[in-house]
Each structure stands twice: as C-alpha cells, then as structure tokens.
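Structure first, then comments.
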Amino acid sequence: MNSPISRRTVTASLLAGAAALGTSGTARSAPAHYPHGPHGRPGTPTVVLIHGAFADASSWSGVVERLQRHGHRVLAPALPLRGLASDAAYIRSVLDSVTGPVVLVGHSYGGAVISQAAADTPHVRALVYVAAFVPEVGESALQLTDTFPGSTLGQATVTQYYPLPGGGQGEELIIKKDLFRRQFAAGVPVRTAQVMAAGQRPITLAALQEPATAAAWKTIPSWYLVATEDRNIPPAAERWMAERAGARTVAVRAPHAVSVSDPGPVTDLILRAVRTVRSGH
C-alpha cells in the first residue's frame, strides 16, 4: 500500500538510516574486555558502527574487515529503527559496555542516533558521519531531508503496518525491492543489491519524525563523508550539515550505501578519526 504522506515527506523519512535497538532505562552491561591480538591493540579506540534504515549490520562488513586488519576492536550492533530516543538509549548502553575511548560512526539515520547517544558519554572521542543526518536539537530526519531538493526516496518507498503494544497500528517504511538498487545501492553488484533488498530493515515513520534532543557534534570532533551520488539524502544537505558541524569532510562518488559500494574510503576516514584520538589532537 502506498504511503499516505507526501512523496517529499516520505523521501525525507526513509532517508534516515538506522541505529540502535533500544530501550531507555536498560540495565548497564558489564564492561567488555577485548584480547590484545590482531583485533585489539592496547590503547587504540574501539570503533562502534551504527547502520541506517533499510540496511543491517552486514552493511559494514567490508569496513569491519579492513578495520580489523588494522588491529582495531570493532562493534556493529543490530538496530531496531523504532524511535530516535529509544534507539539512542540502546546505543548508549552499548557504549557503556566498552572500556576505553570510542570512535562512533553512523550511517544515514544512524547519524541522528549517534548525535544523541554520544551526549554525556565522555569516552566517545570522535564522531564519524557517513552520508548521515547531523541534526540540531529540535530537528528531525524528515525535516533535514526537506531542507534541500533532490531526494527520490519518496517515490521508491511503500508503507507497511505493524501492531503497537497498546493496540492500534504503527507505520513503517520500506523501499520497493525492484527499485532498491537504483535508489539505495547504485553501483553495487546486482546480486549483492538483491540480497540487501531482501533483508532490508524497515524504519518507523515516527522515528524519522522524532526531533533530536541532543547534538553531541557541538562538543565532540567530527568527520563527514559526502556521497555525491546519494538519492536518499541530497548531497547538498550532506555538505550543509557537515559544514554546520565543523566536520572534516571528504566527498566520494558513491550511492547512499557507500559503506557497501566503497568500504575503502569509508575506512580511511574512520582511521583518520582514530589517529586523531590516539594522538590526542
């Protein structure tokens, strides 16, 4: 069934990328301890990768492999995409389980999640946004998408309905499978894109409409990768958000699913942030 909201609104909505399984008030986990082997050198930050909407943690596979080859500890949690506050609360619980400094990375809607989750989390030393939302307090993913023209996501999505715990139905968005590669993963091999489309994670409309209540990028150094062929978030919006955040920025000719199509440049940007954290500058 087609979404009842406008194409432009849906566009903004779906653009968001995901982050965090979460429930506020979840019990804190005991700190995680990692071996000092090829996947965890002493003194290096842990890299935590937050995926976006219409994707899952496997979208980071190429980046994870490269970071591990460089000797870094990496976490890539699966995320529910049910609401910004609850998603951020879950990611905060993941961060609290990690000993030592963290470089926190978010793709798409995951950018909004890390911006909120990292607030008042002092061991997060760097934020890396990968074709992601960087909201100010009071802004939502939908609002930021509508700030600039160019997204075609609204035409590529449909609305699904799911039962709410107290009764009634909620709305969630998904990309039409026959349009998934063109919209989300242009340039990714066809078979890979077909697998991604089959396993895509829907995001609730409410999550995309929920305004941010924190903006950690104001106090934590940030980096940004602009995907110049993005059809979800307009590249102009990405550049504008990166500039507003004072982020160190690179541009890559890539689709929205840049961590899948171009894991090398994504990894390189994360490693820049890691080196800055290690050097203390």
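Here is how the numbers come out for the structure above:
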read-out	value
Accessible surface, per residue, of the range 48-142 when the full set of protein chains is kept, probe 1.4 Å, Å²	24 Å²
Phe148 accessible area, assembled protein chains, probe 1.4 Å, Å²	50 Å²
Nitroxide proxy distance, nm - points 7 Å out along Cα→Cβ at Thr219 and Trp240	2.8 nm
Share of carbon and sulfur in the accessible heavy-atom surface of the range 124-168 [1.4 Å probe, %]	56 percent
Label-point separation in nm, Ser97 to Gln68, each point 7 Å along Cα→Cβ	1.7 nm
Separation of alpha-carbon centers, the range 143-208 and the range 42-76, rounded to whole Å	23 Å
The range 250-281: trypsin sites (Lys or Arg not before Pro) falling in loop per DSSP and having at most 16 other Cβ within 10 Å	Arg253
Per residue accessible area of the range 153-243, 1.4 Å probe, in Å²	46 Å²
Farthest positive-ward along the range 155-281 dipole, Cα basis, beta-carbon charges - from Pro189, Met241, Leu179	Pro189
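The values are calculated or read from the model by the stated rules, or taken from the named source; none is laboratory data. Computed from a predicted model, the values in this text were never measured in an experiment. Backbone-built Cβ (ideal geometry, glycine too); neighbour counts: all protein chains shown. Heads up: the accessible areas ignore ligands, DNA and RNA and are worked out on the full protein's heavy atoms, side chains in. Shrake-Rupley method; radii C 1.70, N 1.55, O 1.52, S 1.80 Å.
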